[in-house]
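What follows is a short report on a single structure.
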Amino acid sequence: MSAPALTLSDVTEHATSLPAPSRATGHPVPPAPGPAADEGLARRLRALACTAPLHDLDARKANLAGEYGVYAMAEVALAAIDLVTLQMDFDTGADHEQVVSRLLPRVAAQAPERPAAEHERVARWVLECLLNVGSVDRGFRAVYGTFDPDGSYVRRDYDFKLIEEVPGPGGNVWLRTTDEAVNVLVGALDTDVTSAQIAAEVKLDVLVSRGRLADAQLAAEQARYRTVQYAETLRRTLEATRRNVRAVDWLHTVPDMITEALDHVADRYRHENAILTNIRRARDEAATERGPEHKRRAAELVDIVRDCIRRHTQLQSRLLEAGPLFRAEQDRQAFAPSTERAGLDLHGQLLAPLLPLPLESASRVTDAFFASGAGMRTPAAVRLADLTELLLTPPAPREHLGAELPEPDLVATPDERRFSEEQLESAMELLDLPADAPRRLSGLLAEARRREDSDLAYLVLLLAVHAASPPVGTAYRQGDGQLLFAVDDGTPLRDPEFGGADLIVGTALLDAAAMAADRTEAA
């Protein structure tokens, strides 16, 4: 329950330093947590939002045409993210069809009696849902709340992707997982990549030394995911540099990241080689002490750590190439010729200035414009042999009226406009103000409501808001004599339906003589 309102006479210098008492209990009400106290909750909410698309798969499978309740869609989705992550390389990603084919055995194991075509449909549907095919930007959005420093509750949007399509060489399209997808695989929050990598490898070393190879295999897989995530961060930085070198902070942020990453790779390389030695020893000792299952786990761990070492070696080579790439892109983008060209306004710069002119004067302008704009015309016959052949070839017979055209099947387009032409005329009549008598928006809205049209006030509001940034240049080029404008002087709008600023709406007269002179000069 909120605290009671206090008047100025009730507030003293001592009371302002105390929290407001509760109306129910009389005890002090603690203030809402600020950003520092609320950051942990916000991070957990974002991490939870990344798993929502996977839970949504099992809820949406009932909408598919058929009986798909036997399939565990979230399990297939995690397997798809895992496959894409492990097939990613620094320059390439995972192939769409290859991911689908590798998903088929897992899908078929859930329902072996179902046909293979259904298994393929489930695999493709899960992969398309992870890509969020059908949305505008193929991304997901979650809404969560945080507290501002003043204690007010604010809702925020969190946009993320799990798997994204990126262009590759030769027109190929690769699949790549994002940081959010890797966090879903690891089961962690959006922690720092470097610290998470170190923690995963220390955990792996401890588990190997204790002989717990089943848990060590899970830790090794998580360490490999973090290695992929680290390489993906560098790849995005270099890709942004190739697009626009000014969009990346190469003065402080990226050099510090490269230095830190090189030290990280060197430490991880030594650490992983030591882990690899211990795993090989455990694998060799398992043959006589713990049986074939322990040996198989140790062999799988060897392969995973080898893959981590290979990825770190590749990451190190890319880090060493980052500096020369930046300098090359800086030279290329700084000295590249500018491709920006000013656009031509055919209505304002050609048609409007020509309409008042006589035909003789206007034709000279149009002839010059179209002669330059149409480009060079290649003659039909450039050699005498071609001209002779054209003259001696009899004309091909053809129908006088041409081929018969099919009867078009016309369908009336429904009128989906919210406002009618009569409403627009009424709104423009209200806004047709004298140049020396502007009005407040509140008065215009009240007059619009008196005309007994529920949507007229909303249309007047839209036109007034649009006039807050009037297109002066367009009106000037098109020869308009007046222009509607709106100015905010800080007065709040007192209206039962709308809020915001009570704009001053008026009409500005444009200089007709100056516009005519400019059109004549342009012609």
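Scaling the Cα radius of gyration of region 67-108 by the globular reference 2.2 N^0.38 Å produces a ratio of 1.27.
Provide, as a two-decimal number, the C-alpha radius of gyration of region 432-513 over 2.2 N^0.38 Å, N being how many residues it has. Each step should come with its number before you reach the end.
On the way: Rg = 13.5 Å, N = 82, 2.2 N^0.38 = 11.7 Å.
Here the Cα radius of gyration is 1.15 times the empirical estimate.
Each of Val136, Thr85, Ala123 was placed along the dipole of region 76-148 (beta-carbon charges, centred on the mean Cα), and the one lying farthest toward the positive end is Ala123.
Figure the gain on full extension for Asp307 and Thr366 (residue separation times 0.36 nm, minus the Cα-Cα span) and round it to one decimal in nm.
On the way: separation 59, 0.36 × 59 = 21.24 nm, distance 6.82 nm.
Fully extending the segment from Asp307 to Thr366 adds 14.4 nm.
The packing ranking of peptides 167-173, 434-440, highest mean first, is 434-440, 167-173, where packing means the average number of other beta carbon atoms within 10 angstrom of each residue.
Across the accessible surface of region 435-507, with the other protein chains kept in place and a 1.4 Å probe, carbon and sulfur atoms take up 52 percent.
Over region 72-162, with every protein chain in place, what whole percent of the accessible area is carbon and sulfur at 1.4 Å, could you tell me? Before the final figure, lay out the partial values.
Numbers: 2290 of 4520 Å².
Of the solvent-accessible surface of region 72-162, carbon and sulfur hold 51 percent.
Just to verify a number: FRET efficiency for Ser469 and Glu389, C-beta to C-beta distance, R0 = 60 Å, to 0.05?
Values: r = 63 Å, r/R0 = 1.04.
Efficiency at R0 = 60 Å is approximately 0.45.
Taking all protein chains into account, the per residue accessible area for region 103-149 stands at 53 Å² (1.4 Å probe).
Taking the Cβ-Cβ separation of Thr92 and Asp148 as r and a Förster radius of 41 Å, what is the calculated FRET efficiency to the nearest 0.05?
Details: r = 44 Å, r/R0 = 1.07.
It comes out at approximately 0.40.
Projected label points at Ile504 and Arg155, each 7 Å from Cα along the beta carbon direction, are separated by 3.6 nanometres. Which of the GluC sites (Glu not before Pro) found in region 95-153 are loop residues per DSSP with 12 or fewer other Cβ atoms within 10 Å of their Cβ? For GluC sites (Glu not before Pro) across region 95-153 that sit outside H, G, I, E and B with at most 12 neighbouring Cβ atoms in 10 Å, the list reads Glu113. Across region 48-91, the residues whose backbone nitrogen lies under 20 Å from the label position 7 Å along the beta-carbon direction of Glu118 are 57-77.
Return the ratio Rg/(2.2 N^0.38 Å) for region 76-132, where Rg is computed over Cα atoms only.
Working: Rg = 11.5 Å, N = 57, 2.2 N^0.38 = 10.2 Å.
So the Cα radius of gyration is 1.13 times the expected 2.2 N^0.38 Å.
The values are calculated or read from the model by the stated rules, or taken from the named source; none is laboratory data. The structure presented is a predicted model; accordingly, all values stated were derived computationally and were not measured. Note: ideal-geometry Cβ built from the backbone for every residue, glycine included; neighbour counts use all protein chains shown. Note: accessible area is taken over every heavy atom of the protein model, side chains too, but ligands, DNA and RNA are not part of it. Shrake-Rupley method; radii C 1.70, N 1.55, O 1.52, S 1.80 Å.
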